[in-house]
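Visitor: Take a look at this one; I'll ask things after.
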Amino acid sequence: MKKGTIWIIIIAIIALVVMWFVKINNRMVESEEKTVQAWAQVENVYQRRADLIPNLVNTVKGAADFERGTLEAVIEARSRATSITVDPTNLTEENMAAFQNAQDELSRSLGRLMVVVEQYPALKANQNFLELQAQLEGTENRIAVERRTFNLVVQEYNVLIRKFPHSIVAGIRNFESKAYFKAAEGTEIPPVVEF
């Protein structure tokens, strides 16, 4: 073989390796961006819930002798939940756990509020309250859907960066795995229903 032919072969091999690297890198970037977008949608539906809460609290305050402690607990939980933000490029187990704990606390406070509301027939008949309650229930369903979608997107991303030969590019470019949403502690235990 001639020297020129050898150089052409070497350059062609280098070009193929570079194109392979770029293709894999771009695929991982796209996948990571999908996780960022999915996280933004999760935050969006949680923000929708947080935005509904002040209206719900104000409607409930209208009940003359409503329990103030319950309302204050909801207001405080909302404040904590909205103060925790997570950088979508840094979705670590710790960050996700802090976010999820704050959201779970808000969910529990809202649950206690709804239980207490049952004792106020006039409030249960209030049209504004009923509409807000329906919107809140719809938002909770949206949250569940978006969390599931987020977990699916994160799974695709995590699998992509761990597969060989993608893991080589992921290691070179510092693509790190993302954390999942997990079920709240205690949800694996079925509730006791008594009649």
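Visitor: Please verify whether Ala81 is out of contact with any His (no Cβ under 8 Å at 6 or more places or on another chain) and either on the phi > 0 side of the Ramachandran plot or surrounded by fewer than 19 Cβ atoms within 10 Å (Cβ to Cβ) (or both), treating the condition exactly as stated.
Guide: no
Visitor: Tally up the residues in the range 151-161 that are closer than 14 Å to Val29 by Cα and touching a residue at least 12 places away in the same chain (Cβ under 8 Å), please.
Guide: 7
Visitor: With respect to Ala40, is the statement that it is surrounded by 12 or more Cβ atoms within 10 Å (Cβ to Cβ) and either closer than 30 Å to Gln103 by Cα or not acidic (Asp, Glu) (or both) true?
Guide: yes
Visitor: Among (1) part of a loop (DSSP other than H, G, I, E, B); (2) at pLDDT below 90; (3) of a type outside the set (Asp, Glu), there is one condition Gly138 misses while meeting the rest; what is its number?
Guide: So Gly138 meets the others, but not (1).
Visitor: Scan the range 116-133 and report the pairs whose first residue is part of a loop (DSSP other than H, G, I, E, B) and hydroxyl-bearing (Ser, Thr, Tyr) and whose second residue is surrounded by 13 or more Cβ atoms within 10 Å (Cβ to Cβ) and at pLDDT below 75, with Cβ atoms within less than 8 Å and a gap of 6+ or a chain change.
Guide: Listed pairs, sorted by first residue: Tyr120/Ala63; Tyr120/Phe66.
Visitor: Can you tell which of Ile9, Ile14, Ile24 is farther than 28 Å from Ala170 by Cβ and modelled with pLDDT of 90 or more?
Guide: Selected residue: Ile9, the only one of Ile9, Ile14, Ile24 that is farther than 28 Å from Ala170 by Cβ and modelled with pLDDT of 90 or more.
The values are calculated or read from the model by the stated rules, or taken from the named source; none is laboratory data. Values in this document were obtained by computation on a predicted structure and should not be read as measured data. With ideal geometry, Cβ positions are generated from the backbone for all residues, glycine too; neighbour counts draw on all protein chains shown.
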